[in-house]
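Worksheet for the structure shown next.
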Amino acid sequence: MKILDIRTGFLSIPMKKPFKTALRTVDKIENIVVVIKTDTDSVGYGDAAPTAVITGDTVQSIQGAISHIRQHLIGQEIQNLELVCQIIRTAIVGNTSAKAALDMAVYDLWGKLHHAPLFRLLGGFRNELITDYTISIDTPEKMAAESLEMVGKGFSILKTKVGGNIQTDIQRLKAIRNAVGPDIKIRVDANQGWRPKEAVYALQQLQVEGVHLELMEQPVNRKDFIGMQFICKHSHTPVFADESAFSPEDVQQLIQMKAADGINIKLMKCGGIHEALKITALIETAGLKGMVGSMMEGPIGVTAITHLAMAKSVISSFDLDAPLFLKENPFSGGIRYTDSKVQLTDLPGLGVYNIEAHLQY
């Protein structure tokens, strides 16, 4: 199966309501979709989310990087997966979102080449999983009300966005816990919005108030590995690195410094499934916990990371709710939801189809 051409299209889908974090507010997803044509009937698909405040990638930079890498991929054989992924990784420095989109499309074709869903080829550990639901940052009252609503819809794990005023954040988490009761798991994500001592103080205060948290994600600035180390040392709550963990090299440093109890793996950060597999091997060897999430990429990207999550036992926390925020999913196949339960089809590759008709070229 040889690569003959690579095209990109633009996809825009409005969200049901704005999604707010300490870093940004999003009211629609705007993704670049990669379409790889081959010398067979098989076509590979991937997508990239421009998240300038996190990865530094914009629509224009993603398109430019894909155009640059494209010239190195034309004529390559999908069966030579390691070589193709090496070309994507080394053809240009940085530009992880563009690399992730191309990587997804290649792995989609690799699954189709072997007539199997990707998660089976990568390990096939599970057939379904339970995702959390993310509560956008807002007033304590509004966050508590939304949390209670989502629990009523079958979600037993909530990921709450905080970051900013530490006292307000504590009130947000107290309000949510009081609303949903003691049995619902609460994860807190500060998106780099706290300082190390603030994070430890918040955890201590919440513990006194009886607000148990399952985990805390990226409390401090992504470059503050020493701050992450400090929080891990002084916290009974597991601390997960997100923005601090872009690459396998980042993860290796976090492990060596004992600066994280777990890693949130996102394809837009690391550059795709090939690099994500290196991260899963590192954290499994080190005894850390794995989590997967997304950066508001569309159904293709979330489907791709779900295949990884289904394949690997070390990944035990799942933040795969992004498509639930969209007003529509124009594609067929791929990720499927029954309340909080997530499943994939048994179609080969990523299993997503009916795509090109919905793209702007």
*Exactly one condition in (1) surrounded by fewer than 22 Cβ atoms within 10 Å (Cβ to Cβ); (2) out of contact with any helix residue (DSSP H, G or I) (no Cβ under 7 Å at 6 or more places or on another chain); (3) of a type in the set (A, V, I, L, M) is not met by Leu73; state its number.*
(2)
*For region 260-278, what are the residues that are within 19 Å of Asp189 (Cβ to Cβ) and under 15 Å from the mean Cα position of the chain (by Cα)?*
Gly262, Ile263, Asn264, Ile265, Lys266, Leu267, Met268, Lys269, Cys270
*For region 215-259, how many residues meet the condition of being within 22 Å of Gln167 (Cβ to Cβ), in contact with a strand residue (DSSP E or B) (Cβ under 6 Å, 6 or more places away or on another chain) and not in a helix (DSSP H, G or I)?*
5
_As an exercise: evaluate Cys232 against (1) under 30 Å from Gly349 (Cβ atoms); (2) touching a Lys or Arg at 6+ places or on another chain (Cβ under 7 Å); (3) not charged (D, E, K, R) and give the number of the one condition it does not meet._
(1)
*With respect to Thr90, determine if the residue is buried (at least 17 other Cβ atoms within 10 Å of the Cβ) and of a type in the set (Val, Ile, Thr).*
no
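Residues are listed down the side, and each one gets a yes or a no for (1) in the same structural domain as Met291 (by TED's automatic domain parsing); (2) of a type outside the set (Ser, Thr, Tyr); (3) touching a helix residue (DSSP H, G or I) at 6+ places or on another chain (Cβ under 7 Å):
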site: Glu141; (1), (2), (3): yes, yes, yes
site: Thr160; (1), (2), (3): yes, no, yes
site: Ile170; (1), (2), (3): yes, yes, yes
site: Ile184; (1), (2), (3): yes, yes, yes
site: Val188; (1), (2), (3): yes, yes, yes
site: Lys197; (1), (2), (3): yes, yes, no
site: Gly210; (1), (2), (3): yes, yes, no
site: Glu214; (1), (2), (3): yes, yes, no
*Is there a residue in region 200-223 that is under 30 Å from Thr285 (Cβ atoms), of a type in the set (Ser, Thr, Tyr) and over 19 Å from the mean Cα position of the chain (by Cα)?*
no
*Please find, among Ile92, Ile88, Ile54, Ile62, the residue that is at pLDDT below 95 and over 14 Å from Asp5 (Cβ atoms).*
Ile54
*Give the residue that is nearest to the chain's Cα centre (by Cα), with candidates limited to residues of region 111-135 that are crowded, with 23+ Cβ neighbours inside 10 Å and more than 22 Å from Pro323 (Cα to Cα).*
Gly111
*Select from region 164-191 the residues that are of a type outside the set (Lys, Arg), surrounded by fewer than 21 Cβ atoms within 10 Å (Cβ to Cβ) and not in a helix (DSSP H, G or I) and list them in ascending order.*
Gly164, Asn165, Gly181, Pro182, Asp183, Ile184
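The values are calculated or read from the model by the stated rules, or taken from the named source; none is laboratory data. For clarity, every value in this text was computed on a predicted model and none was experimentally measured. Note: ideal-geometry Cβ built from the backbone for every residue, glycine included; neighbour counts use all protein chains shown.
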